[in-house]
Amino acid sequence: MYTQIEITTVCNAKCFYCAHGTLAHKHMSWECFEKIVQTEKSPTMLLLQGTGEPLLHPLFWEMTVYAKKRGHRISIITNGSLPINPHSLFLLDEIGFSLDTLDEETVKKSGRTSPSQTIKHLLTCYSVVPKKIKLYAVNYGQDLEPLKAFAKAHNIALTIQNLQPKKSYQAHYTTQPLPYVTFQCSYLEKEKMRYYFVDGTQAPCCYMIDVSKALPTKQIQALLAQKNVPSCCTQCGELTGVKRLYM
């Protein structure tokens, strides 16, 4: 069980597979963040991550200090385009770097930030807190072997997520409708996580993407019981049987 807080939807990358380009770009207010953290009565893992680049939030480190003082652990996933002060690394319990490829030309086509910059900043952090570093990639058909070799050479855990055929992403690539194999969602039946959108709206998972389409848990459950899939859950891997992780 963990809590994910979308502290920003602002990003300096334009990944072709991300819905970022269709969302309003803004930072979570301090008041909203403070209220969310205060609702977490017991210490937990807080993942400060959503559709944006967390380190772009002007109050990122203040938010981190505030949450740490209340006993929470902090995890982030960054695209690695921005440096992290080595003296601040003790505030973070997990540092994920999002990196799909080591090839600069492939990156230019995909809209991502420079892999050389990401590797530079990753290795700087790795030299100080190697056990806190993780790698995350999206598999969209690129050659993943060099990335796997890099992760293996440095003994860094690598998680690869398959490109998800969600309708919320169709502004960026074409997908075919997928049949539903179930109308039951484990995120609704068992509280695996709490997700907070940038405006503070709470959701049972991080896969709804667009806060304007998010519905309360009970309403989603009622619709699914009627075999009526709400737009916020359309083509979700939980319902279509699409495996999210490659490894």
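Throughout, read-outs are computed from the coordinates displayed, never taken from laboratory work. From a predicted model like this one, the values you see are computed outputs, not experimental measurements. Quick reminder, even Gly has a Cβ in these numbers, built from the backbone with ideal geometry, and neighbours come from all protein chains shown.
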Give me the base-10 log of I(q)/I(0) for the stretch 175-247 at each q in 0.14, 0.15, 0.17 Å⁻¹, Debye formula, one uniform scatterer per Cα, rounded to two decimals. -0.42, -0.49, -0.63
Calculated from backbone phi, Karplus (6.51, -1.76, 1.60) coupling profile of the stretch 217-230 in Hz, x at Gly/Pro: 3, 4, 5, 5, 4, 5, 5, 5, 4, 8, 6, 10, 7, x
Fewest-first ranking of K14, K68, K152, using other Cβ atoms within 10 Å as the exposure measure: K152, K14, K68
Report the calculated FRET efficiency for H87 and F183 (r = Cβ-Cβ distance, R0 = 41 Å), to the nearest 0.05. 0.25
Sorted by Cβ density within 10 Å, fewest first, the residues L91, L23: L91, L23
Classify the stretch 1-135 as rounded, prolate or oblate from the Cα gyration tensor: take a ≥ b ≥ c as the square roots of its eigenvalues, call it rounded if a/c is under 1.5, otherwise prolate when a/b beats b/c and oblate if not. oblate
Quick check: convex hull over the Cα atoms of the chain, volume per residue in Å³, rounded to an integer? 123 Å³
What 222 nm value per residue comes from the helices of the chain, counting each DSSP H run with n ≥ 4 as -39,500 (n - 2.57) and dividing by all residues, nearest 500 deg cm²/dmol? -7500 deg cm²/dmol
Computed from every Cα-Cα pair in the stretch 1-65, P(r) in 10 Å bins starting at 0 and rounded to whole percents is 20, 51, 24, 4
Obtain the nm distance between the two label points defined at K69 and K41 by a simple spin-label model: each point lies 7 Å from its Cα along the Cα-to-C-beta direction. 2.3 nm
Which of the pairs K14/K132; K26/K148; K69/K148; K132/K192 have their Cα atoms more than 32 Å apart in this structure? K26/K148; K69/K148
Share antiparallel - DSSP beta bridges, the chain, percent rounded to 5: 15 percent
For the pair L123/D199, report the inter-label distance in nm, with labels modelled 7 Å from Cα in the Cβ direction. 4.4 nm
